[in-house]
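Participant: Below you'll find the structure I mean.
We did not get these values from a lab; they are worked out from the coordinates using the rules stated. Being a predicted model, the structure only gives us computed values, none of them experimental. With ideal geometry, Cβ positions are generated from the backbone for all residues, glycine too; neighbour counts draw on all protein chains shown.
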Amino acid sequence: MQVRCVVTGHNEKGKATVMSDTAVPPVTFNHVSGFEFHQFWGSDETMTFPDKGIEPPYHTYYPPVNGFRFTFFTIGPNSVETSDNFDVVAALQELEEKAPGMAELLEPDDPGFHTSDTIDFDYVISGEIWLELDGGEQVHLKPGDVVVMNGTRHAWRNKSDEPCVLLGCLIGAKRA
């Protein structure tokens, strides 16, 4: 799916203006069918204005303290990961290559579970998804539902036959 991203900033006189208007292609995966994400904007530090509307460089999927990421991601049905020809090692290598830092948070003994030092604001755009937490607690989410995730251990489970698309904003936080 192609998504348009319009970015504003400030011209040399300090006036608001459109700095870019481009399509953001998805990051797709060969080894996990149905999973993709669009990385729209992010920073590893607090932003300062006025600015020129140029995205600061960052190198990892998850932001550090004071950083943020704005993304949306598509999760295909769980049946993809449970098929007989699913190559876990190749999938993790590809994930690390295309979303640095994501694979290292995944728990090898409990597939899909991960914990990040972020506050995540997730909004279900389409499809449905189950949010699984410690002890097997699950919440069924549908379009229009929002999750505020406070650095909690979780996994996304798509038990349906259709992809689920979520919009997310991740903000780096300190873990005590």
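Participant: Which whole-angstrom value gives the distance between the alpha carbon centres of the range 1-72 and the range 108-176?
Facilitator: 21 Å
Participant: Something else: Where is the GNM fluctuation largest for the chain (alpha-carbon springs, 10 angstrom cutoff): Thr46, Thr60, Thr71?
Facilitator: Most flexible of the set in this elastic network: Thr46.
Participant: Another question, then. Under a 5 Å amide H to amide H cut-off, with H placed in plane at 1.01 Å, what residues pair with Val27 once short-range neighbours are removed?
Facilitator: Close amide H contacts, sequence-distant or interchain: Phe37, His38, Gln39.
Participant: Now, a different point. How long is the gain from Glu55 to Val27 if the chain were fully straight, where each residue apart is worth 0.36 nm and the alpha carbon distance is subtracted? Let's see the in-between values first.
Facilitator: On the way: separation 28, 0.36 × 28 = 10.08 nm, distance 1.76 nm.
Taking 0.36 nm per residue and subtracting the Cα distance, the gain is 8.3 nm.
Participant: Shifting gears a bit: Name the residue farthest towards the positive end of the dipole of the chain from the options Pro64, Thr22, Gly127, assuming +1 on Cβ of Lys and Arg, -1 on Cβ of Asp and Glu, about the Cα centre.
Facilitator: Thr22
Participant: Restricting attention to the alpha-carbon atoms of the range 1-83, what are Rg (one decimal) and Dmax (integer), both in Å?
Facilitator: 16.2, 58
Participant: By the scheme Lys and Arg +1, Asp and Glu -1, what is the net charge of all other residues having a beta-carbon under 11 Å from that of Val65?
Facilitator: Cβ neighbours under 11 Å give a net charge of -1.
Participant: Using Cα positions and a limit of under 17 Å, work out the lysines in reach of Lys142, with same-chain residues fewer than 8 apart set aside.
Facilitator: Lys142 reaches Lys159.
Participant: Residue by residue through the range 17-33, what is 3J(HN,Hα) from phi via Karplus (6.51 cos²θ - 1.76 cosθ + 1.60, θ = phi - 60°)? Round to whole Hz and write x for glycine and proline.
Facilitator: Values per residue, Gly and Pro as x: 7, 6, 9, 7, 8, 9, 7, 10, x, x, 8, 10, 10, 7, 9, 10, 4 Hz.
Participant: Return the label of the correct value of Cα Rg over 2.2 N^0.38 Å, as calculated from the structure shown, out of [x] 1.09; [y] 1.66; [z] 1.04.
Facilitator: So the calculated entry is the one marked [x].
Participant: So how strong a dipole does the range 3-172 carry about its Cα centre when Lys and Arg Cβ are +1 and Asp and Glu Cβ are -1, to the nearest 20 debye? Don't skip to the end; give the middle numbers.
Facilitator: Values: 10 positive and 27 negative charges, 181 e Å.
My answer is approximately 860 debye.
Participant: Under 8 Å for C-alpha pairs, at least 6 residues apart: give me the relative contact order for the range 3-172, rounded to a whole percent. Working shown, then result.
Facilitator: Details: 385 pairs, mean separation 38.7, N = 170.
Relative contact order for the range 3-172 comes out at 23 percent.
Participant: Follow-up question, since we're still on this one. In straight Cα distance, which lysines are under 23 Å from Lys15, not counting same-chain residues fewer than 8 positions off?
Facilitator: Within the straight-line limit of under 23 Å, Lys15 reaches these lysines: Lys52.
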